[in-house]
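**Q** The structure is given below, and queries will be raised subsequently.
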Amino acid sequence: MRIRHIPIFVLVVSFAAVLAPSARATCGSASCFCVTDSSEGAPQAHMFRVDLSFRTMDQDRKRAGTGSTSEVLTPKIDFEAGVIVPDHHREESTRSGVTQLDVAYGITNRLAVLGSAPLWQDKRHQHFDDVGTPEETFVPDAGSRGFGDVRVGARYALVVKPQDLLFGTAALKLPTGAYQERDQEGAINEPGIQPGTGSYDGIVSLGYSRSTQSMKVEGFLDTAYRANGTNSLEYRVGNEWQLSGGARFRVGERGETSVQVNVSEAGRDRFLGMGVPSTGRTYVYLTPGGRIRSGDGVGFYAYVQLPVYTKVNEAQLGPRMGLIVGVSKAF
């Protein structure tokens, strides 16, 4: 019996947004923890599946609340002094890219173990430092690069019927990525542009899909919640909730197209128990995509994530467009 999986976005978001990392504070805040992966989902018993993808997201839309603004001023988290310096940065743009490896192994036809590793993250961020002072400086690349935070978990199919599937997933994010990288002045860089968060986070999700009798159309609905821990710097990324729904359409013997709507809501970050300005947001995305399988079972897929609604606390850079492309293979 093959357990089919419901593709979910973030988005991540983001990935996953379209990206693998979590939603972060200030710089680079568009990334989502729930991202689209292989629509083939959990493998059969004793089947191993590998999925390699590249995800990218551009953020250069200057937003305040639900509207536009002429500038985005965000705070600096001064970890050394233990203070939040308001309006320290003038944000210009962030481009995030990640190469991600996802693996799954079927223990039974209902239970699978999962793993996800951001092999390489590249965050290219531009901003002005020390805004409004004689030391104001444009920084053309204030970003970071490196290995990200690994996720491990398990998925269990609660209901398996010819046309219906209900499954739950639980995962733990581990602080494997660097989170104390230094900026050009030698200070700990902003949380949003670090490769990792430095915290242990828990993720739970519940998904449901229903296929037509011909199996040519499948509708799906998925909800997920992420509870974030506090790292050793006393910084905690806001918890995040996501809801995704849509449909997949079979095209011929080896292809499928899909369209989905993804809602992602993140709470405000906290540092030393204080709320961090310019963190926390709500995004709604429209995500079309498709997949094609070769004769030897290799699957190629691509999804585009388009923001249709953005609401941010104070002022932040909002996402413009996300893209995910990948390849998967079962053994």
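The values are calculated or read from the model by the stated rules, or taken from the named source; none is laboratory data. All figures in this text were calculated on a predicted structure; none of them were measured in a lab. Because the Cβ atoms are built from the backbone with ideal geometry, glycine has one as well, and the counts that use them run over all protein chains shown.
**Q** Can you give me the number of residues within segment 263-308 that are at pLDDT 95 or above and charged (D, E, K, R)?
**A** 5
**Q** May I ask you to list the residues in segment 170-187 that are over 17 Å from Arg145 (Cα atoms) and modelled with pLDDT of 95 or more? Quick ask: steps written out before the conclusion?
**A** Step one: filter segment 170-187 for residues over 17 Å from Arg145 (Cα atoms), giving 170-174, 185.
Across segment 170-187, the qualifying residues are Ala170, Ala171, Leu172, Lys173, Leu174.
**Q** Being basic (Lys, Arg) and surrounded by fewer than 19 Cβ atoms within 10 Å (Cβ to Cβ) is the filter; apply it to segment 188-232 and report the residue that is farthest from the chain's Cα centre (by Cα). I'd like the intermediate steps shown before the answer.
**A** Applying the first criterion (basic (Lys, Arg)) to segment 188-232 yields 210, 216, 226.
From the residues that got through so far, the ones that are surrounded by fewer than 19 Cβ atoms within 10 Å (Cβ to Cβ) too are 210, 216.
Working: Arg210: 25, Lys216: 29 Å.
If we take residues in segment 188-232 being basic (Lys, Arg) and surrounded by fewer than 19 Cβ atoms within 10 Å (Cβ to Cβ), then Lys216 is farthest from the chain's Cα centre (by Cα).
**Q** Could you check, for segment 133-153, whether at least one of its residues is within 24 Å of the chain's Cα centre (by Cα), modelled with pLDDT under 95 and among the hydrophobic types (A, V, I, L, M, F, W, C)?
**A** yes
**Q** Here's another thing I want to ask about it. Being of a type outside the set (Val, Ile, Thr), modelled with pLDDT of 50 or more and in a strand (DSSP E or B), is that true of even one residue in segment 34-43?
**A** The answer is no, given that none of the residues of segment 34-43 is of a type outside the set (Val, Ile, Thr), modelled with pLDDT of 50 or more and in a strand (DSSP E or B).
Let's see how each residue does on (1) part of a strand (DSSP E or B); (2) more than 26 Å from Leu206 (Cα to Cα):
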{"position": "Ser232", "(1), (2)": "no, yes"}
{"position": "Gly238", "(1), (2)": "no, no"}
{"position": "Gln242", "(1), (2)": "yes, no"}
{"position": "Gly246", "(1), (2)": "yes, no"}
{"position": "Phe249", "(1), (2)": "yes, no"}
{"position": "Ser258", "(1), (2)": "yes, no"}
{"position": "Asn262", "(1), (2)": "yes, no"}
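**Q** Something else about it: Please enumerate the residues belonging to segment 188-219 that are modelled with pLDDT under 95 and aromatic (Phe, Trp, Tyr).
**A** Tyr208
**Q** Another question, then. Looking at Gly275, is it farther than 30 Å from Ala104 by Cα and without any contact (Cβ under 8 Å) to a residue 40 or more places away in the chain?
**A** Yes: the conditions hold for Gly275.
**Q** Quick one: which of Val98, Val113 is surrounded by 14 or more Cβ atoms within 10 Å (Cβ to Cβ), under 18 Å from Pro175 (Cα atoms) and not acidic (Asp, Glu)? Break it down into steps so the answer makes sense when it comes.
**A** Details: Val113 fails: under 18 Å from Pro175 (Cα atoms).
Just one listed residue meets the conditions, Val98.
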